[in-house]
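The values are calculated or read from the model by the stated rules, or taken from the named source; none is laboratory data. This one's a predicted model, so the numbers in the text were calculated from it and none came from an experiment. Cβ: placed from backbone, ideal geometry, glycine included. Neighbour counts: every protein chain shown. Just so you know, the surface numbers come from the protein's heavy atoms only, side chains and all, with ligands and any DNA or RNA stripped out. Shrake-Rupley method; radii C 1.70, N 1.55, O 1.52, S 1.80 Å.
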Amino acid sequence: MTFISQGLYYNCPLIVQGRNVKSKGYITEILTDYAIEFLERARQNQPFFLYLSHKAVHAPFQPPKELENLYADAEVKLPRETEKLGLKPYFDYMHLTAIGKKQDLKTSIRRYSATIFKLDQEIGRLLDAIDNLGLSENTVIIYASDNGFLWGEHRLYDKRWAYEESIRIPFLIRAPELIKTPGKEISKMVLNIDLAPTVLDLAGISIPKTMQGRSLKPLLQGKDIAWRNSFLYEYFYDDLYNIPPMLAVRTESWKYIKYRYHIKPDELYNLEDDPKELNNLAKDPSAQGQKEKLEGELKRLLKQTNFHW
């Protein structure tokens, strides 16, 4: 099932098994209802795979009516650079609106938080259903997102940029039969492209060689294996947004960003010393060796992925 474009928060027209279906109510609750109904049917015929991709919290952020004022009086602290200088004018675009009305960044954060509060509630309802259906002990649950978000860091808003706030995502996995020491953090760099190979591996299905990601199963089992020490970030031009195409390579401790057509200068950050990426070392003589190393690694990754700029 799906819906047209980004869908609607209320009374969203749905497409279910190719048929147009009307819905009534708040979309996060509706999608959770469909997911629980699927589990109630699927438990009779193991195994099953459920992929639940919520609309929330896509902009413009719209919490349910009963939570509209949940954080109305909450204090919101913006990043220092935004408080002093404000957003860069050409990035203050349509996402800073809600129901057609212009709003400031703090209001947007409050509405986002209330919208995601409801999302948390519905994920909890789904987890309760998994427990109540007796599926908890032999079901792998993966919680992830498609992107991070900039709330004024670097004087920017939204996503797309190669900065940490934009590219880092939540990534949690519960697998009772597989993970012997739950509650631990795996420090290795994992990517959203690892999701598909992981699911295939857990299901005992061969992973196609065309997939660029890697199965996380060995890491979940606590095995000490060789792992990636860098990854490629790329953003293509989208004429809806005034954001330049860019490439970046991130290692465990460094990041190098390169913009197409040299629209913006190169950027180089030592993530251990400068996790907020405020000190660009691209022109620092003492960092030129590191910059050259990362340029080489970027070329290697582009060749490996058959990417042509």
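Multiply the residue separation of residue 178 and residue 33 by 0.36 nm, subtract the distance between their alpha-carbon atoms, and state the gained length in nm to one decimal. Between residue 178 and residue 33, full extension yields 49.4 nm more.
Note on the stretch 204-273 and the stretch 1-62: Cα centroid distance 30 Å, given to the nearest whole angstrom. The helix-only estimate of mean residue ellipticity at 222 nm for the chain, built from DSSP H runs of length n ≥ 4 each weighted as -39500 (n - 2.57), is -8500 deg cm²/dmol after division by the residue total. Stokes-Einstein, applied to the Kirkwood radius of the stretch 137-246 over Cα pairs at a viscosity of 0.692 mPa s and 37 °C, places its translational diffusion at 205 µm² s⁻¹.
For residue 299, the aspartates and glutamates whose Cα comes closer than 19 Å to its Cα, not counting residues fewer than 8 places off in the same chain, are 234, 252, 266, 267. With semi-axes √(5λ) of the Cα gyration tensor in Å as the read-out, I listed (1) 34, 29, 18; (2) 34, 21, 19; (3) 40, 22, 18; which label goes with the value calculated from this structure? Looking at semi-axes √(5λ) of the Cα gyration tensor in Å for this model, the match is (1).
Label sites at residue 308 and residue 135, each approximated as a point 7 angstrom past Cα along Cα to Cβ, lie 4.5 nm apart.
Here the accessible area of the chain is 51 percent carbon and sulfur, with a 1.4 angstrom probe and all protein chains present.
From the phi angles alone, apply the Karplus equation (6.51, -1.76, 1.60; θ = phi - 60°) to the stretch 247-254 and give each ³J(HN,Hα) in whole Hz, x where the residue is Gly or Pro. Using θ = phi - 60°, the values come out as 10, 8, 10, 10, 10, 5, 9, 9 Hz.
The phi-based Karplus calculation (6.51 cos²θ - 1.76 cosθ + 1.60; θ = phi - 60°) puts the 3J(HN,Hα) values of the stretch 281-292 at 9, 4, 10, 6, x, 6, 10, 5, x, 5, 4, 4 Hz, whole numbers, x for Gly and Pro. Note that the chain presents 60 Å² accessible area per residue, ligands and nucleic acids not counted, probe 1.4 Å.
Spacing of the modelled spin labels on residue 278 and residue 261, each 7 Å from Cα toward Cβ, amounts to 3.2 nm.
Our summary of shape: the Cα atoms of the stretch 181-309 have principal axis extents of 47, 34, 26 Å, ordered from largest down, in whole angstrom.
In plain terms, the chain from residue 238 to residue 292 could stretch by 16.5 nm, reckoned as 0.36 nm per residue minus the Cα-Cα distance. Placing +1 on the Cβ of every Lys and Arg and -1 on the Cβ of every Asp and Glu, with nothing else charged, gives the chain a dipole about its Cα centre of roughly 640 debye. With a threshold of 28 Å on the Cα-Cα distance, the over-threshold entries among 77/180; 77/188; 264/303 are 77/180; 77/188.
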